[in-house]
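The values are calculated or read from the model by the stated rules, or taken from the named source; none is laboratory data. Quick caveat: nothing in here was measured; it's all calculated off a predicted structure. Cβ sites come from the backbone with ideal geometry, for glycine too, and all protein chains shown count toward neighbours.
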């Protein structure tokens, strides 16, 4: 009887595993099918969105007479603004969610291009940035897209509510002004390269690794070969060079920074970053947009790119890897918070 129950339990576990796997595939496929169903620029008037939220709350908490009075005042205000026929300056809002490969760059370049063709001398661009960095050349390209705005003398504000570190700060430093939440993470002006080496394991199993190159430094530190001190020294030299380029980019846009003090690879929280000059103001993006709504028209600009189904499915795997990387960041920072 015990053997039967054990066999039945094992069979049931296998069935559950298979069913769960099928469900996961179906959910991922459905999500991938919904995501990226169209391509193009999407514009949302954030003033209208905010007013709609306020109106909904008013209707819920005000009496009938109070609602009538509020509606009458709003109608009077709208009529006065229409009669004045004045064009208010505009704030164009871009959201950039970073990952290791800065995969949002294709959308960013389209958003920036569209804004540059429309923005006037009184307009501005606000970027809500959340990026903990990643591959150097990808984030360098992302920073270059923001530099296009700066080069056109259009005011550029970057809001950091959570993280702008490493490649993320390379983007943020381009801004005319950096606003940071009190506990946002900024800095990490440094470069890192890490790679596992399986040479000993292969050697213990009698597996030889062959690598043929043309050019003395075509490949230095590898995953499977035996790394030498010369290989490591060359990699270190390359990292130092990238670090120098990183510091030069930061110094170009924030010349007042003490790079010897802040370009150590360390990160700081918002208020400390402000003291060091890494940020210009302690303010969340919500506070900034709420203030701007009083005298500016605010538009969210999003360019959505349609992806083939196969790429969207593979994107799920990349997303999982990104979550692992993000989790390591959270563990690093949360471990420093008091319990």
Among (1) buried (at least 16 other Cβ atoms within 10 Å of the Cβ); (2) assigned to a helix (DSSP H, G or I) - the single one residue 278 does not satisfy: (2)
Give, as residue ranges, the helices (runs of 4 or more DSSP H) completely inside region 29-118 that count at least 3 residues that are at pLDDT below 95. 46-61, 64-84
Inspect all residues belonging to region 210-220 and state whether any of them is in contact with a strand residue (DSSP E or B) (Cβ under 7 Å, 6 or more places away or on another chain), exposed (fewer than 15 other Cβ atoms within 10 Å of the Cβ) and at negative phi. no
Checked 180, 184, 142, 164 against criteria (in contact with a strand residue (DSSP E or B) (Cβ under 6 Å, 6 or more places away or on another chain) and within 30 Å of residue 40 (Cβ to Cβ)); the one match is 164
Determine which member of the set 263, 273 is touching a strand residue (DSSP E or B) at 6+ places or on another chain (Cβ under 9 Å) and farther than 30 Å from residue 92 by Cβ. 263
Looking at (1) within 18 Å of the chain's Cα centre (by Cα); (2) crowded, with 17+ Cβ neighbours inside 10 Å; (3) in a loop (DSSP other than H, G, I, E, B), which one does residue 143 not meet, given that it meets all the others? (3)
In this structure, does residue 101 turn out to be over 30 Å from residue 246 (Cβ atoms) and either surrounded by 14 or more Cβ atoms within 10 Å (Cβ to Cβ) or touching a helix residue (DSSP H, G or I) at 6+ places or on another chain (Cβ under 9 Å) (or both)? no
